[in-house]
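S.K.: Here it is: the structure, laid out below.
The values are calculated or read from the model by the stated rules, or taken from the named source; none is laboratory data. Keep in mind it's a predicted model, so treat the numbers as computed, not measured. Virtual Cβ from ideal backbone geometry, glycine too; neighbours counted across all protein chains shown.
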Protein chains: 2
Amino acid sequence: MSTATLSIDLDAIRANWRALNEKTSGETGAVVKANAYGLGAGFVAKALLKEGVQTFFVAVAEEGVVVRKSLGNASTIYIFGGHMQGDTELIREYRLTPLLNSVDQLIRHVETLPHHPFGIQLDTGMNRLGMEPVEWHAVRELALPLNPKLIMSHLACADDPDHDMNVKQLAEFHKMTDDLDIPKSLSATGGILLGSDYHFDLTRPGVGLYGGFPFEQARAVAKVNIPIIQTREVDVGETVGYSNTWRAPTPRRIATVSAGYADGIIRAMGGKTALYAGDVACPIVGRISMDLIGVDVTLLTQPVESLELLNDRQTIDVLAENAGTIGYEILTSLGGRYQRRYLGDMG
Amino acid sequence: MSTATLSIDLDAIRANWRALNEKTSGETGAVVKANAYGLGAGFVAKALLKEGVQTFFVAVAEEGVVVRKSLGNASTIYIFGGHMQGDTELIREYRLTPLLNSVDQLIRHVETLPHHPFGIQLDTGMNRLGMEPVEWHAVRELALPLNPKLIMSHLACADDPDHDMNVKQLAEFHKMTDDLDIPKSLSATGGILLGSDYHFDLTRPGVGLYGGFPFEQARAVAKVNIPIIQTREVDVGETVGYSNTWRAPTPRRIATVSAGYADGIIRAMGGKTALYAGDVACPIVGRISMDLIGVDVTLLTQPVESLELLNDRQTIDVLAENAGTIGYEILTSLGGRYQRRYLGDMG
C-alpha cells in the first residue's frame, strides 16, 4: 500500500468537546461543516451523538443530508447557509433546520415549507451572513409568530480576546435579541473562551473539537503517516526535486515518500517542515510535488518504512504557521486519497 | 442548492490531448494521477480512451483500480509509485503495470508476481523516483530477460526550456538506455514542448491536458460557479469578514457566496482575486472563510444569482499566481463539496 494514512482519533474529538462543554454555561453543540473540517462528518457526528451532543451545524443542505443519514432522527441539524433555492426538498426530507439569513430566505421558507422549523441568523457587524439590524426590525413581527427555534449571530474576531469587535458584536446581539424569548447562540470555539457573557443558550464549537487554535489545550485529533517508496544516497552538490531548488551541502540520504500537495500537504510549507521518525525530525528537501516529497533522513540510524507529517508534536497549527495559513485550512485541505483510519469509540 | 458547481469540459481535455499528440513523435499517453489532477480520473480516462489513448499513468495502485474499473481491460495502466508492499493483489487483480523504482521493488515484483508485466523507472538526476545509474547497472542483467514493457525517467526542469538540467538528463537517459530494445519514455507536458529529441516512444502529458502552464495554448477545462447566498449594503468604514481586515472605503454592495477554502479556494489568493459576473470583475473583500467569501458587487447593474471563480479569463494559472503557487495545486485542491458537472462527450 503506497497511499498515506490519515488517522482520526474520535476519542480526542470527544475529549475536546467535553473540555469545551465544561467551559460552557448553556448547551454545547458541534460544528461538522465542510465534512467535519475534512475529517468525516458522518463518523464525527455519530461519535459526538454518543457523547450527548444534540445539536449539529453544517454549511449547506447537502452536508446536512450526510449528517442526518449518520445520526438518525434524534438530533437537530442547522444549516448556516439557510434555505437556498433548490434546497426545499432536502430540508423537508432530511429534517434540516435552516438558519434564515435574509428576508428573501424567510419568504422562501414560509412559502415552501410553512410549518417546518427554522432559525434566524443576524448580522452583528461581520457583514457576512445574516439579517442586518434594519432588516430584522422590518420582519421580526412577521417572523416571531412563526416560532423560530434559534436566533444566532457570529463573531468576526473571537480568536483575539482583546479585539474591541467582540464587545461591539455582543452589545449589538443584546440589542437585537434581549426582548425575545427564543434560544440564542453567538459563539463558536473562540467565543466560548471569551467567557460566559458570550455563551447564551447554545454554543457551536468547531475548530476546538478538531484540535486547533484558539483552543490551546485541545488534544490533537489527526495524524498523517506517509510510506517511504525508496531511499537513495546523494553526493555533495546533487539536486533533489523540481527546478533543482535544493542542493545537497554534504552527502545526504534522501527518502522519497508517497504523498504530496494533492494530499493537502500545501506546497508553501515545504521549506520549513519536517517529517518525523519517532522523535527525529527529517526535513523536507526540494519542492513538494503532487504525489511525492523528498525528505532528508540522514540522521536516522536505522531504516523506517514510513514518516509522520502530522502528530502531537507537529500539529495543524505548526503546519499552518509553516504554510502561512491557519490550522483550519490544513485540515480542510487533507484530500481524498488517504487511507482513513478512525480510532476510538465509533459511537 | 447552495454548493458551488465545478464544471469539467471533457471535450477540452480531449482537444488538449489532440494538440499535444500532434506535437509528439511517438505514442501519447495520459497522466490521470491524483484523481486526474482533481477532476475525476474515471471520467477523464474514459473520455480519453474514446479519443484513442491506450496508455495511462497513476501515482499509486489504489488510483489504478479506479481507472481500470472505468476503462475495462483494453488499456495499459502504469503506476509511478511502482510495486509497494501490500500492492500485489491490486496489481494482479486489476492488471496494473508497476514502474519499478528500486532493486527492492524489482525483487518484490519478481518474487510475488513473476510473470506479471512491469516497467522500469530510472533516475536521471531529479533524485526523486527511480534507479540510480549504478543501481541500474547492477541489476540490468537480471531485469532485461524479464522483458520490461517500458523504461522511463522524469525531467526536473522541463517547464524551463533553457535550463541546462534538461540536456543533462537527456544525455543521462541516452547513456542508460541507448543499447536497449525496450519502449522508452522521458517526457510529460513540459518535455513534449522541448521538442522531439525528448519524446522517445511514449509521452506522458498531465497538466497540459487539464489546461495549465507550461502548455500555454491549452483550452481551459475547469470552471467554478458559486451561488450568492445574500447581498447587503455596507457603509463607509464598515468591515467585512474575519479579523476585520477589509474596511469599506465608500458605500459598497457586498455579496456573500457559498464556497471557501474548504473548496480549495486557497486563503492566500484572497487579496488579489475577483469573482466574475460575465465580464465584470468583482473583487474578493475580507478573508476567505471556510465556506463563505465576501465579494464587492457594487459595479453590477443588475442582480445575479452566482459568480464565477475559474473561467476562460481567470484560469488556474491566474489563480496560482494570485495564491503564490502553481496551477497544478489549484486543480488538486478543488475538494469534494462541489456539484461536479461533466460537459462534452463522456466516452
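S.K.: It is to be established whether one or more residues within the range B:46-54 are at pLDDT below 95 and farther than 30 Å from B:SER258 by Cβ.
M.R.: No, every residue in the range B:46-54 fails to be at pLDDT below 95 and farther than 30 Å from B:SER258 by Cβ.
S.K.: Mind listing whichever residues of the range A:1-16 are surrounded by 22 or more Cβ atoms within 10 Å (Cβ to Cβ) and among the hydrophobic types (A, V, I, L, M, F, W, C)?
M.R.: A:ALA4, A:LEU6, A:ILE8, A:LEU10, A:ILE13
S.K.: A further question follows. Could you grab the pairs with beta carbons closer than 6 Å, sequence gap of 6+ or different chains, first residue in the range B:264-287 and in contact (Cβ under 8 Å) with a residue 12 or more places away in the chain and at positive phi, second one of a type in the set (Val, Ile, Thr) and in a strand (DSSP E or B)?
M.R.: As it stands, the answer is B:GLY286/B:VAL240, since those pairs meet every condition given.
S.K.: If you don't mind, another one. Pairs, please: C-beta under 9 Å, at least 6 apart or cross-chain, first residue facing chain A (nearest Cβ under 7 Å) and in the range B:32-44, second of a type in the set (Asp, Glu) and part of a loop (DSSP other than H, G, I, E, B)?
M.R.: Matching pairs, first to second residue: B:LYS33/A:ASP291; B:ALA34/A:ASP291.
S.K.: Next up: Considering only helices (runs of 4 or more DSSP H) fully contained in the range A:111-223, which possess at least 1 residues that are out of contact with any Cys (no Cβ under 8 Å at 6 or more places or on another chain), among the polar types (S, T, N, Q) and away from chain B (no Cβ under 14 Å)?
M.R.: By residue number, A:164-177.
S.K.: Another one. What pairs come out if I take residues in the range A:47-66 that are outside the structural domain of A:TYR78 (by TED's automatic domain parsing) and pair them with residues that are of a type in the set (Gly, Ala, Ser) whose C-beta lies under 8 Å away, six or more apart or interchain?
M.R.: Note: no pairs meet the criteria.
S.K.: Return the residues of the range A:271-284 that are within 14 Å of chain B (Cβ to nearest Cβ) and either of a type in the set (S, T, N, Q) or crowded, with 24+ Cβ neighbours inside 10 Å (or both); say none if nothing qualifies.
M.R.: Across the range A:271-284, the qualifying residue is only A:ILE284.
S.K.: I'm checking my understanding of the structure. Among residues of the range A:61-96 that are at negative phi and of a type in the set (Gly, Ala, Ser), which one is surrounded by the fewest Cβ atoms within 10 Å (Cβ to Cβ)?
M.R.: Restricting to residues being at negative phi and of a type in the set (Gly, Ala, Ser), the top hit is A:ALA74.
S.K.: Let me ask something else about it. Just one of the numbered conditions (1) crowded, with 21+ Cβ neighbours inside 10 Å; (2) within 29 Å of A:ALA158 (Cα to Cα); (3) polar (S, T, N, Q) is not true of A:GLN217; which one?
M.R.: (1)
S.K.: Scan (1) out of contact with any strand residue (DSSP E or B) (no Cβ under 6 Å at 6 or more places or on another chain); (2) within 25 Å of B:ASN127 (Cβ to Cβ) for the single condition B:LYS33 breaks and write down its number.
M.R.: Condition (1) is where B:LYS33 drops out.
S.K.: Quick check on the range A:50-77: of everything there that is closer than 19 Å to A:HIS116 by Cα and among the β-branched types (Val, Ile, Thr), which residue is nearest to the other protein chains (Cβ to nearest Cβ)?
M.R.: Looking at the filtered set, the residue picked out is A:VAL60.
S.K.: Out of B:GLY237, B:GLY191, B:GLY212, B:GLY206, report the one residue that is in contact with a Gly (Cβ under 7 Å, 6 or more places away or on another chain) and of a type in the set (Gly, Ala, Ser).
M.R.: B:GLY212
Residue-by-condition table, conditions (1) more than 7 Å from chain A (Cβ to nearest Cβ); (2) closer than 25 Å to A:ASP160 by Cα; (3) more than 34 Å from the chain's Cα centre (by Cα):
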| site | (1), (2), (3) |
| --- | --- |
| B:THR231 | yes, no, yes |
| B:ASP235 | yes, yes, yes |
| B:TYR242 | no, yes, no |
| B:PRO251 | yes, no, yes |
| B:SER258 | no, no, no |
| B:GLY264 | yes, no, no |
| B:MET269 | yes, yes, no |
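S.K.: How many of the residues making up the range A:297-333 are acidic (Asp, Glu), away from every other protein chain (no Cβ under 11 Å) and farther than 22 Å from A:ALA34 by Cα?
M.R.: Total meeting the criteria: 2.
S.K.: When you look at B:PRO133, is it under 13 Å from B:GLY119 (Cα atoms), of a type outside the set (Gly, Ala, Ser) and over 24 Å from the mean Cα position of the chain (by Cα), yes or no?
M.R.: The answer is no for B:PRO133.
S.K.: For the range B:287-306, which positions are within 25 Å of A:THR325 (Cα to Cα) and among the hydrophobic types (A, V, I, L, M, F, W, C)?
M.R.: B:ILE288, B:MET290, B:LEU292, B:ILE293, B:VAL295, listed by residue number.
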